[in-house]
Amino acid sequence: KQEVTQIPAALSVPEGENLVLNCSFTDSAIYNLQWFRQDPGKGLTSLLLIQSSQREQTSGRLNASLDKSSGRSTLYIAASQPGDSATYLCAVPNTGFQKLVFGTGTRLLVSP
Amino acid sequence: DAGVTQSPTHLIKTRGQQVTLRCSPKSGHDTVSWYQQALGQGPQFIFQYYEEEERQRGNFPDRFSGHQFPNYSSELNVNALLLGDSALYLCASSSTLVDRAGNIQYFGAGTRLSVL
């Protein structure tokens, strides 16, 4: 059974800092890995999708890496801004591809 | 191009009542998945519908049921509501034509259900 863990659970940083969010998964036979952003009480916004054949994906100040063999992914946020404050979730599809298995998220607060 | 839309946005019910949540998938998508997200937790998979049939189900009781219509929209029904059913219910859609695995999912804004 696939399990996804995210560390840290919460993170508070001053504006401008570079930061790393971690995601680990127990079954390395994944098809892809996706990072989402969730604002309080809102739905999920997809940030980055990394296919199993890729090692990283970049979008603006965001960079996500994937190491299947170690069961880990990191989301790197450069030059953080108060607008980055949100919960960040990672998710992988289960073996049958029918559903996404989510971590519990990292709650990020960026202070001005 | 409208994304995934869910209605209603918020809902307040009392224990024992029944509720129906609705979801319209992104244009061109044929698969709908439902997730429950309790406060402070990640979303948990409830079930997925494709071709008007339930394709896979998560660890949820039979009180949770669904339906998919010919236009691919979907409903989630919860009977005999419990306090623990209070959560954000998320609908996600995907396209088997674009992604055979159907796991590149696009999410709606969710329905916040409060059971008193």
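The values are calculated or read from the model by the stated rules, or taken from the named source; none is laboratory data. Keep in mind the model is a prediction, meaning the values are calculated, not measured. Note that each Cβ is placed from the backbone with ideal geometry, even for glycine, and that neighbours are counted across all protein chains shown.
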### Message
Among the residues of region A:1-17, what is the count of those that are surrounded by fewer than 16 Cβ atoms within 10 Å (Cβ to Cβ) and β-branched (Val, Ile, Thr)?
### Response
2
### Query
Can you tell me which residue in region B:9-57 is surrounded by the most Cβ atoms within 10 Å (Cβ to Cβ), limited to those that are in contact (Cβ under 8 Å) with a residue 60 or more places away in the chain and in contact with a helix residue (DSSP H, G or I) (Cβ under 9 Å, 6 or more places away or on another chain)?
B:Val19
#### Entry: Matching residues in region A:18-57 - criterion: being loosely packed, with under 14 Cβ neighbours inside 10 Å, touching a residue at least 60 places away in the same chain (Cβ under 8 Å) and either part of a strand (DSSP E or B) or away from chain B (no Cβ under 14 Å) (or both)
A:Asn18
### Task
Tell me the strands (runs of 3 or more DSSP E) entirely within region B:43-116 that contain at least 1 residues that are away from chain A (no Cβ under 14 Å).
B:64-68, B:74-78, B:111-115
### Task
Please list, ordered by first then second residue, the pairs with beta carbon atoms under 9 Å, 6 or more apart or interchain, first in region A:75-97 and modelled with pLDDT of 95 or more, second assigned to a helix (DSSP H, G or I).
A:Ile77/A:Asp84
### Summary
The condition from (1) under 28 Å from A:Ser12 (Cα atoms); (2) exposed (fewer than 14 other Cβ atoms within 10 Å of the Cβ); (3) away from chain B (no Cβ under 14 Å) that A:Ser69 misses is numbered (1)
## Note on the structure
Filtering region B:14-42 for residues that are farther than 13 Å from B:Val4 by Cβ, of a type outside the set (A, V, I, L, M) and within 12 Å of another protein chain (Cβ to nearest Cβ) leaves a count of 5
### Task
Can you confirm whether region A:65-81 contains a residue that is closer than 18 Å to B:Pro43 by Cα, among the β-branched types (Val, Ile, Thr) and out of contact with any Cys (no Cβ under 6 Å at 6 or more places or on another chain)?
no
### Task
Could you list, in sequence order, all residues of region A:41-63 that are among the hydrophobic types (A, V, I, L, M, F, W, C) and within 15 Å of A:Phe25 (Cα to Cα)?
A:Ile50
### Summary
In the set A:Leu108, A:Leu75, A:Leu100, the lone residue that is over 10 Å from the mean Cα position of the chain (by Cα), surrounded by 18 or more Cβ atoms within 10 Å (Cβ to Cβ) and away from chain B (no Cβ under 14 Å) is A:Leu108
### Query
Would a scan of region A:82-91 turn up a residue that is within 17 Å of A:Thr26 (Cβ to Cβ) and surrounded by fewer than 18 Cβ atoms within 10 Å (Cβ to Cβ)?
no
### Query
Is it true that A:Gly60 is over 13 Å from the mean Cα position of the chain (by Cα) and closer than 18 Å to B:Val4 by Cα?
no
